[in-house]
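Enquirer: The structure that follows is given in the form of structure tokens.
Computed from the coordinates by the stated procedures, all read-outs in this text should not be read as laboratory data. Keep in mind the model is a prediction, meaning the values are calculated, not measured. All Cβ positions, glycine included, derive from the backbone under ideal geometry; neighbour counts span all protein chains shown.
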Amino acid sequence: MAKTTKPKKTVKKVAPKKEVSDNQMRTVSPTRGRTFVGKVISTKMTKTVNVEWERRSYLYKYERYQTERSRVKAHNPTEINAQVGDTVRIAECRPLSKTKKFIVIENMGAGK
């Protein structure tokens with residue numbers, strides 16, 4: 001009988017890990033689902049903003065469009081610090097509290 005040789009194990013080369021500061025870790029959050037662009041209407045809660053955006057829906061009965069508003073609460077990271085009147089981009093993420101399921105990912109400036 002012939003001896004069978006075991007295949008040699010290959011060593012995978014891995015790049016060295018980058019050092020990540022605490023501020024960068026806080027901004028990196030897993031997002032999923034939908035993203036919206038809206039206007040900040042309230043910043044009265046700590047690290048939370050109310051974001052509102054308008055959308056149009058069609059009414060079949062009257063054959064016209066109506067404007068509807070959606071309002072959600074979103075987490076406002078200290079690095080972004082959105083204020084009332086700013087236009088922001090929000091993304092869906094894991095539930096952060098009972099009512100917060102979005103996070104502000106970009107501050108697009110005032111009134112854009």
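Enquirer: At 0.36 nm per residue, and after removing the present C-alpha to C-alpha distance, how many nm does the segment from E92 to R55 gain when stretched out fully? Mind dumping the intermediate values first?
Expert: Numbers: separation 37, 0.36 × 37 = 13.32 nm, distance 1.78 nm.
Contour length minus the Cα-Cα distance gives 11.5 nm.
Enquirer: Set the Förster radius R0 to 35 Å, insert the Cβ-Cβ distance between S42 and E63 as r into 1/(1 + (r/R0)^6), and round the FRET efficiency to 0.05.
Expert: Computed FRET efficiency for S42 and E63 comes out at 0.50.
Enquirer: Still on this structure, I have one more. Ranked highest first by average number of other Cβ atoms within 10 Å, how do 66-77, 86-97, 51-62 line up?
Expert: Going by the mean number of other Cβ atoms within 10 Å, highest first, we get 86-97, 66-77, 51-62.
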